[in-house]
Structures are given as C-alpha cells and as structure tokens.
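This report refers to the structure that appears directly beneath it.
Rule-based calculations on the coordinates, nothing more; no lab input. A quick note: this is a predicted structure, and the numbers were derived from the prediction, not measured. Note that we place each Cβ from the backbone using ideal geometry, even for glycine, and neighbour counts take in every protein chain shown.
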C-alpha cells in the first residue's frame, strides 16, 4: 500500500518545495517527457498528485538526460 503522506497536489507543490515551479510540473505532465506522468503522477478523481519519493527517483534516473540537452 502506498504512503499517502508522500503525495502533494500539483497545485500546492510550491507551498512545500521551491523548485521546480508548478508550471514546470504541469509541462512535464503534459509532454510526459521520459515517462514522467506514468512514474511520478497519481490521479485521484480529477486531482493530480506528485509522489515526492518517486519524483526524487525520477530526477536521479533522468539527471544525465537533462544535463546532455
């Protein structure tokens, strides 16, 4: 069972974290670059949540990809 304490609503992201911006998170969701939406975003009803643990893992896995561009 997942820990719901790790979930932060996309719209409230910047109340907990300074980086990246809500607009950047939404852009990653829209373009689904490097499978971001499937790995990091959880949808409950109409709301989208960022799993903070999965987000850290995704950043570490894709860090090399973003540094190369």
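Quick notes on this one:
- Computed helical MRE - 222 nm, the chain, DSSP H runs ≥ 4 contributing -39500 (n - 2.57), nearest 500: -14500 deg cm²/dmol
- 0 to 90° range, to nearest 10: angle between helix 22-31 axis and the chain longest Cα axis: 70 degrees
- Correct choice for Rg and Dmax of the Cα atoms in Å that was computed from the model, options [x] 15.9, 48; [y] 11.7, 36; [z] 11.9, 34: [y]
- Largest mean-square fluctuation among 54, 42, 12, in a Gaussian network model of the chain whose springs join Cα atoms under 10 Å apart, belongs to 12.
- Degrees separating the helix 52-68 axis from the principal Cα axis of the chain, which is the longest one: 20 degrees
- Inter-probe distance in nm under a simple model that places probes 7 Å from Cα toward Cβ, at residue 63 and residue 18: 1.9 nm
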